[in-house]
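See structure below.
The values are calculated or read from the model by the stated rules, or taken from the named source; none is laboratory data. Since we're looking at a predicted model, the values are computed, not measured. For neighbour counting, all protein chains shown are included, and Cβ atoms are generated from backbone atoms with ideal geometry for every residue, glycine included.
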Amino acid sequence: MRFNACFLSLAAALALASVSSAATLYSQDFNVDDTANWTVNPSTGVNATDTLADFHYNYSAIGVPAAPNGTGTIGLKLTANNSAGVFGGLTVSPTGKSFSGNYQVSFDIWQNYVGPLGPGGSGTTQFSQYGIGTANASSQWIGATKDSVSFGTTLDGGSANDYRAYTSAGLAASGSATYIGSASNNNSDAYYMTAYPAVSAPAGQVTLFSGQTGSTDPGETSFKWRRVTIDVSGGFANWSIDGTPLAKVDLSTVTLGGGDIFFGHSDTNAGSSTDANRVALNVTLIDNVSVTAVPEPGTVVLFVLGTIGSLFVRRRS
């Protein structure tokens, strides 16, 4: 009996190892300039505005510490509408990538805005965005017609809807079943306030920019490295930040144009910031991107059963 229990424990451990060692489909830490391998899609037409995507940006220049899941302080910087005064934004995707089946996208994100923290300074209600399933043929910024599923949060908690999920059908309505834990989608909801307590700007940033005083309102996701996960599994796209579930999209109810991932930054209104440090501070930073295959649950079960069977056969012989 003791022998059987040991074998069962070993089989379970091996199964867990097979899950944890899921194949890496794509990774990017931006430590080497990868600009040539990315496609930039800005908003166009009446929404054409100034945008910036820097794929080899040293974010220590604004006093941001190294992201926790990599090395160094080089990452992707995104910002938009710093001078044009036009509601618009941009999205960027690794060129030629397409992911399907069950997979997980994870990355480090830092959201930053012109102080004072909490109320924010000039033009700080902007939006960090990330998603899956695009054909990478057009911008997926928040005002666009989309061929994807995306999620994100505002920089300063200054919108009625700070936590958002977008699909080909548009913005998921506040209070809909898409969202988890909150009926308001506003950073002042207790669910978000508990998950994301108030933080201050890093000391290095305060030294460089004296206006970065105060602390974020609870429920804001800015001024701290966060780990975002989009888990595509079982026909759903599940969004979490630092392990807190935030939304779940049924992929059978939306239209996806392709299989690429993307990151984006948009303004939420037409007004541009007038702060002298707006280009430096009203930004989305991305680092340590990873896309991994997620084994089908049935595959793991078969692996366990096969392992148990082989062990018992060896025992009998």
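Miscellaneous remarks
- Number of positions in the range 164-192 that are surrounded by 18 or more Cβ atoms within 10 Å (Cβ to Cβ) and hydrophobic (A, V, I, L, M, F, W, C): 2
- The single condition among (1) touching a Phe, Trp or Tyr at 6+ places or on another chain (Cβ under 7 Å); (2) closer than 15 Å to THR284 by Cα; (3) not β-branched (Val, Ile, Thr) that ALA165 does not satisfy is (2).
- ALA280 being within 17 Å of PHE127 (Cα to Cα) and assigned to a helix (DSSP H, G or I): yes
- Residue within the range 242-259 that is small (Gly, Ala, Ser), in a helix (DSSP H, G or I) and modelled with pLDDT of 95 or more present: yes
- For first residues located in the range 147-164 and in the same structural domain as THR229 (by TED's automatic domain parsing), partners that are acidic (Asp, Glu) and modelled with pLDDT of 95 or more and lie 6+ apart or on another chain with Cβ distances below 6 Å form the pairs THR153/ASP162; THR154/ASP162; GLY157/ASP217; GLY157/GLU220.
- Residues within the range 60-92 that are crowded, with 22+ Cβ neighbours inside 10 Å and either farther than 21 Å from VAL40 by Cβ or not assigned by TED's automatic domain parsing to the domain that holds SER210 (or both), tallied: 3
- Filter result (closer than 23 Å to TYR113 by Cβ, among the aliphatic types (A, V, I, L, M) and not in a helix (DSSP H, G or I)) within the range 166-210: LEU171, ALA198, VAL199, ALA201
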